[in-house]
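Values quoted throughout were computed directly from the atomic coordinates according to the rules given, and no laboratory measurement underlies them. Fair warning: this is a prediction, and the values are worked out from it, not measured in the lab. A quick note on method: Cβ atoms are made from the backbone with ideal geometry, for glycine too, and the neighbour counts reach across all protein chains shown.
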Amino acid sequence: MRELIIAIAKGRLQAEALELLSRAGICANGDSRESRRLAIRDESGQYKLLFVKPNDVPVYVEHGIADCGIVGRDVLLEFEPDVLQPLTLNIGRCQIIVAAPEAATPSASGMLTIATKHSHIAAKHFRSRGQPVEIIELSGSVELAPGLGLSDCIVDLVQTGTTLRDNGLKIVEVITDSMGRLIVNRASYQLKATSIATLIAALRQATDWGGAT
Amino acid sequence: MSESIARIPNGMRYYCNSEAKARREVETIAMSVFAGWSYEEITTPTIDYYSLFNKGIGNTLADKAFKFADADGRILTVRPDVTSGVARAAATLCANRARPLRFSYVASVFRQKQQSHAEWRREITQIGCELIGRNSRVADLEVLLIALEIFRQLELEHDLVITLNNVEILKGIADGLQLDPNSREELRRLVDSRNAQDITAFLQLYTPREDASAFARLVQLSGKEEVFGPAQRIITNPRSLAALDRLQVLWQTIQSLDLAERFEIDLGNVSQLDYYTGLTFTIYVRGAGAALGSGGRYDDLLANFGKSEPAIGFVLNLDALSDLLSARSNRVVEARRQTWETISSVDRDSLELFREALRKREIGKCIRIDMNEVGTCAN
């Protein structure tokens, strides 16, 4: 079997991804898990795990530097990378939503200003229904924007909705759901077919859907 | 502030020295293989009408081309593809020639928009061939064997996988579900990304759940002979079954030729569904993160130019291929490293110098005239 390189999104998804991998029999040993190394081998020596920023996971996989990746669907929708997505993983469940201030009234001009980290998803969503929008790209604390008058509403990921409520925002619309996904480089899928099939089967088995699919 | 002269546009680059050599070598090998199978070389115009490519390769790729207006107002593009031009020539210029027509080419194609995040180049050199006028297993196999021979001569055969599919399988299923063009494209996209859950969820709108998940399993099937059994159990419509049969017959021939090791069936490979009509194939080589070539049957394309006849062809990406060869210091490319005999021009009569040079060139020697002291030459 050939060694597989798996890129894992750091942050929100990381702990759940590592837990899922260890249920699938892919365990990073204790030492390396606690170290701050960004590339580690699993105990069997068959897998190498890379920890990179979520947005960079599809970049590594698309270029074939990593054979596979574990990343949220939100990132895939935002960047539309040319990769295979054979498996949905029941981790990092969240929603991509439109939120606006509690007391918002629709603007007379019909033009909407949207603050977001997900400009492509936001633009695609509103343009598909002919809604003219101005997208303001921010890199964090998006929930502040409407209150300060920077935008009419926001497009963001939510898990619990607490941050929204604390900042006086309510969900106006759910654009789509997002969960973690296994992505695979097109060439690796063919050239390392046996190893990839083994990984997919192991992760499918380890994915806990709690009875629902 | 004026712009630096060193700057070049995004997606463009120079190739020099060993890289340029590797490219020429790959080109020479591929073109000699084509010639060996009696493919004649064709050169298509670099600049042509937008409408040609829109009718040919289709609007997805035509829209990515560099465009500008001709003096009469018609839209011109720098060719984003060679096949469209070859197909038009076959239907017009070569309309009365005996079939099949066999063409080969090496040419740059240009795209204003990058094709994907990983393919940053906007000028790509394609090496390709087209076999026009026959729709048969013999024709399908001929082009597959040509592709295989090129990689064998490049000594990449052992790192090679060519995946095979027949897009009629998916088209038959989409027909059976009576999908409109948009839904069909959506299904193609989902199949192409191989996500079983997404495919099942989408198909449940059209068909019972068991059928939907059976189909989702189908498109994840890849492998060799063993793929056909399960596929035949899942597929029910005649169009898809006929396509699957044809693929199986092709597979059996490949097996009988002892070439099965290099090929895989991949029923999920469905890029460019509107362009291809039967067999499709994609070429992967260990060490390259993306496909190095692809091809297939496009029996509907020539009708767009007024002469309905079948055709099949493939293209290889010369840039990606020579990058790979340079990276792994391939023997085939290395073997052509040249050495020169240096002829000094120091303190010599230039007449005598060039007599020596011409003599050596006549017997085929590689020479390099040392010009460091050229100023001291007599005369």
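Could you state the orientation-averaged shadow area of the convex hull built on the Cα atoms of the stretch B:1-127, in nm² to one decimal?
Averaged projected area of the stretch B:1-127's Cα convex hull equals 11.0 nm².
As a test, work out the antiparallel percent of DSSP beta bridges whose residues both lie in chain A, rounded to the nearest 5.
So the antiparallel bridges amount to about 60 percent of the total.
Please report how far the C-alpha centroid of the stretch B:289-314 lies from that of the stretch B:1-57, rounded to the nearest whole angstrom.
Measuring centre to centre over Cα atoms gives 19 Å.
For peptide A:179-190, what's the mean number of Cβ atoms from other chains within 10 Å of each residue's Cβ?
5
Treat every Asp and Glu Cβ in the protein assembly as shown as -1 and every Lys and Arg Cβ as +1, leave all other atoms uncharged, and give the resulting dipole magnitude about the Cα centre to the nearest 20 debye.
Roughly 400 debye, rounded to the nearest 20.
Would you mind checking the tilt of helix A:193-206 against the longest principal axis of the Cα atoms of chain A, expressed as 0 to 90 degrees and rounded to 10?
Relative to chain A, helix A:193-206 is tipped by roughly 60 degrees.
In whole Å, what three semi-axes, largest first, describe the equivalent ellipsoid of the protein assembly as shown built from its Cα gyration tensor (square root of 5 times each eigenvalue)?
So the three semi-axes of the protein assembly as shown are 46, 32, 28 Å.
Run through the stretch A:114-213 and list the chymotrypsin sites (Phe, Trp or Tyr not before Pro) located in a DSSP loop whose Cβ has at most 11 other Cβ atoms within 10 Å.
Loop-located and lightly packed - A:209.
Where in the stretch B:1-45 is the amide nitrogen less than 16 Å from a point lying 7 Å along the Cα-to-Cβ axis of residue B:120?
Residues B:7-15 qualify, since their backbone N sits under 16 Å from the label point.
Cα atoms only, chain A: Rg and Dmax in Å?
Computed over the Cα atoms of chain A, radius of gyration and Dmax are 19.3, 63 Å.
Tally Lys and Arg at +1 and Asp and Glu at -1 over the other residues with C-beta under 12 Å from the C-beta of residue B:152: what net charge comes out?
Every neighbour counted, the sum reads -3.
Under the definition of partner shielding as Cβ atoms of other protein chains within 10 Å of a residue Cβ, what is the mean value for peptide A:150-157?
If you average over the peptide's residues, the count of other-chain Cβ atoms is 0.
When you take every Cα atom in the stretch A:94-177, what is the radius of gyration, and what is Dmax, the widest Cα pair distance, in Å?
Using the Cα atoms of the stretch A:94-177, the pair Rg, Dmax is 11.6, 33 Å.
Restricting to the protein assembly as shown, compute how many DSSP beta bridges are antiparallel as a %, nearest 5.
Antiparallel bridges: around 70 percent, rounded to the nearest 5.
Where the Cα atoms of the stretch B:32-90 are projected onto their three principal axes, how long is each span, largest first, in whole Å?
That gives 42, 24, 18 Å along the principal axes, largest extent first.
Could you tell me which of rounded, prolate or oblate describes the stretch B:217-337, using a ≥ b ≥ c as the square roots of the eigenvalues of the alpha-carbon gyration tensor, with rounded for a/c under 1.5 and, failing that, prolate when a/b is larger than b/c and oblate otherwise?
Cα axes put the stretch B:217-337 in the oblate bin.
Local charge sum around residue A:85 (other residues, Cβ-Cβ under 9 Å, Lys/Arg +1, Asp/Glu -1)?
+2
Shape call for the stretch B:6-57 from the C-alpha gyration tensor, a ≥ b ≥ c root eigenvalues: rounded (a/c under 1.5), prolate (a/b greater than b/c) or oblate?
Cα axes put the stretch B:6-57 in the oblate bin.
Quick check: net charge around residue A:122, other residues with Cβ under 13 Å of its Cβ, Lys/Arg +1 and Asp/Glu -1?
So the environment of residue A:122 carries a net charge of -3.
Ranked highest first by average number of other Cβ atoms within 10 Å, how do B:315-324, B:267-276 line up?
Per-residue Cβ counts within 10 Å, averaged per peptide and sorted highest first, yield B:315-324, B:267-276.
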